[in-house]
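*Asks:* Quick one: this structure, given as structure tokens, is what I'll be asking you about.
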DNA sequence: CATTAAATGTCACTTAGTGACAGACTAATC
DNA sequence: GATTAGTCTGTCACTAAGTGACATTTAATG
């Protein structure tokens, strides 16, 4: 196993244990020592991987948003966002382990109102996701990634994704609302569509126009 | 002077000293003791007002966004956002002390790329601003403030404001770019317009239609 | 197997942040 | 004007968060 992958695994393992402790005892009543002990590493190792105990859950958020970004990066130029989601999003399209992590994320998001420390970790993760989205939108629309319009669009779309995530998580955990994957996908696609300031949700013209013959 | 106003003044004073220290020495090299000493209060008082040293600058962010929200709350229903900004936004429309605070905010925002700790405080402040914006939009459009569409719109608009603030601050501090108030206002209004998912930027029909006679 | 570089553990240390109590200030009440 | 009650502050002892330095282990590579 590659070195950096092992490192990422350690971080994820710490993140999972941190999340479970935060969920069961609250952030304030969980110490760094406990998180490290639960993960079976020295306390010093925890602080080597994370600047603060709250940020220890960030790898969970990051993993989710990275999987989402990976789907967007493979987005065929002739597909709408609804078609993309229908074919790629949901528990049927990922490993069971990833779904378990997603559930942890959902439970954490449901705690945001009571746990400001978690909110800060969540917002920082959204920020990372926003930077990925900048690249994705720039690539799909053939625009420079430094452009203001592109960054604006990435920010509004990220905000929409965040609101949907928070809303769905809160509804699921606090009100026991069962939503189907199709419903969540539709909800998410619609929110992104409304939020986007650039037309990247529909098929876009290919970078190189198809030709029947040679050059 | 009211009790809670005195409290807010203490917080603002601490925030200003914290901001100056963060700007001159960086966040990591500034201790809580130093911030408290600069403001002339006991260290314990600092921790009573703020959960962490980074969050000590939040009152500065909060004050700016509160002034902005106050302008939006007084927004006449027959005015466009451009007209509102032209008449209310800019250094001519506020106290010199407030403008000095705004300059501190701009300089802090210019440091976000190098100071992740500040970014977290900034994002948390934007979150508060977003909640104000929910009320403002709900009120202007005569919709319930709990509605998903309203919260979505507030989130995308807040994202737009955030991006403009960050962009303008970075351009001003790092590249010495001088932008006129009118330019910033136009930039901001346009970004908000593009980001908004609900039509609150233009005149809206008054809640009660004007009548010439009695009821 | 030897080498090397990165990850981890151990321990001493500084800084962040809290609990508890005592004193000071303010505002209302008599 | 004294009283009283409530909130804010300072002092001090304390726990928890987080770092620096150095030894040790681990895993990839030749």
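*Asks:* Stokes-Einstein diffusion coefficient for region B:42-113 at 37 °C in a medium of 0.692 mPa s, Rh from the Kirkwood formula over Cα pairs: what value in µm²/s? Provide the component values of the computation, followed by the final result.
*Replies:* Working: Rh = 14.3 Å.
For the chosen part, D equals 230 µm²/s.
*Asks:* Any idea what angle helix B:58-73 forms with the longest principal axis of chain B, computed on alpha-carbon atoms, 0 to 90 degrees, nearest 10?
*Replies:* Tilt of helix B:58-73: around 10 degrees.
*Asks:* What is the distance in Å between the Cα centroid of region A:104-129 and that of region B:192-206?
*Replies:* After rounding, the separation between the Cα centres reads 29 Å.
*Asks:* Additional query: Against the longest alpha carbon principal axis of chain A, how many degrees, from 0 to 90 and to the nearest 10, is the axis of helix A:96-110 turned?
*Replies:* 80 degrees
*Asks:* Once the Cα atoms of helix B:116-141 and of chain B are each reduced to a long axis, what angle between those two axes, in degrees from 0 to 90 to the nearest 10, is obtained?
*Replies:* 20 degrees
*Asks:* Between rounded, prolate and oblate, where does region B:97-196 land on the alpha carbon gyration tensor, with a ≥ b ≥ c its root eigenvalues, rounded for a/c under 1.5, else prolate if a/b exceeds b/c? Write down the numbers at each step before the final one.
*Replies:* Numbers: a/c = 2.28, a/b = 1.65, b/c = 1.39.
The shape class here is prolate.
*Asks:* Same structure, new question: Remind me, relative contact order of region A:1-142 in percent, using alpha carbon pairs under 8 angstrom and six or more residues apart? Before the final figure, lay out each step's value.
*Replies:* Numbers: 92 pairs, mean separation 42.2, N = 142.
Worked out over region A:1-142, it gives 30 percent.
*Asks:* In nm², what is the average projected area of the convex hull enclosing the Cα atoms of the protein assembly as shown? It would help to have the intermediate numbers written out before the result.
*Replies:* Working: hull surface 115.0 nm².
Result: 28.8 nm².
*Asks:* What's the FRET efficiency of residue B:95 with residue A:167 using the Cβ-Cβ distance as r and R₀ = 41 Å, to the nearest 0.05?
*Replies:* About 0.55, to the nearest 0.05.
*Asks:* So what's the gap between the Cα centers of region B:28-97 and region A:60-102, to the nearest angstrom?
*Replies:* Value for the Cα centre distance between the two parts: 39 Å.
*Asks:* So the label point sits 7 Å from Cα along the Cα-to-Cβ vector; using that for residue A:44, what distances do you get to the other copies, in nanometres, sorted shortest first?
*Replies:* Output for residue A:44: 3.5 nm, nearest copy listed first.
*Asks:* Within 10 Å of each Cβ in peptide A:125-134, how many partner chain Cβ atoms are there on average? Round it to a whole number, please. If you can, show how the numbers build up before the last one.
*Replies:* Numbers: counts 0, 2, 6, 0, 0, 2, 0, 0, 0, 0.
Shielding by partners across A:125-134 averages 1.
*Asks:* To continue, here is another question. Pop a pseudo-label 7 angstrom from the Cα along the beta-carbon direction at both residue B:128 and residue B:29 and give the gap in nm to one decimal.
*Replies:* Going by the 7 Å Cα→Cβ label model, 2.9 nm.
*Asks:* Under the rule of -39500 (n - 2.57) per DSSP H run of 4 or more residues, summed and divided by the residues of the protein assembly as shown, what mean residue ellipticity at 222 nm is obtained, to the nearest 500 deg cm²/dmol? Please report the intermediate quantities before stating the final value.
*Replies:* Details: 18 runs with 289 residues, N = 430.
One gets -22500 deg cm²/dmol as the mean residue ellipticity at 222 nm.
*Asks:* Also, quick follow-up: Distance from a point 7 Å along Cα→Cβ of residue B:70 to each backbone N in region B:146-161: keep the residues under 18 Å and list them by number.
*Replies:* Residues passing the 18 Å test: none.
*Asks:* Related question: Among B:137-146, A:104-113, how do they line up by average Cβ neighbours within 10 Å per residue, starting with the highest?
*Replies:* On the way: B:137-146: 15.2, A:104-113: 19.1.
Highest mean packing first, the order is A:104-113, B:137-146.
*Asks:* Peptides A:183-195, B:71-83: what's the order by average Cβ count within 10 Å, highest mean first? Working shown, then result.
*Replies:* On the way: A:183-195: 18.3, B:71-83: 14.5.
Ranked from most to least packed, the peptides come out as A:183-195, B:71-83.
*Asks:* Per residue of A:184-196, count partner chain C-beta atoms within 10 Å of its C-beta, then hand back the mean as an integer.
*Replies:* What the average comes to for A:184-196 is 2.
*Asks:* Using the basic label-point model (7 angstrom from Cα toward the beta carbon), what is the residue B:135 to residue A:102 distance in nanometres?
*Replies:* It is 3.7 nm.
Since every read-out is calculated from the coordinates, none of them should be taken as a lab result. If you're wondering where the values come from, they're calculated on a predicted model, not measured in any experiment. In this analysis, Cβ positions are derived from the backbone assuming ideal geometry, glycine residues included, and neighbour counts consider all displayed protein chains.
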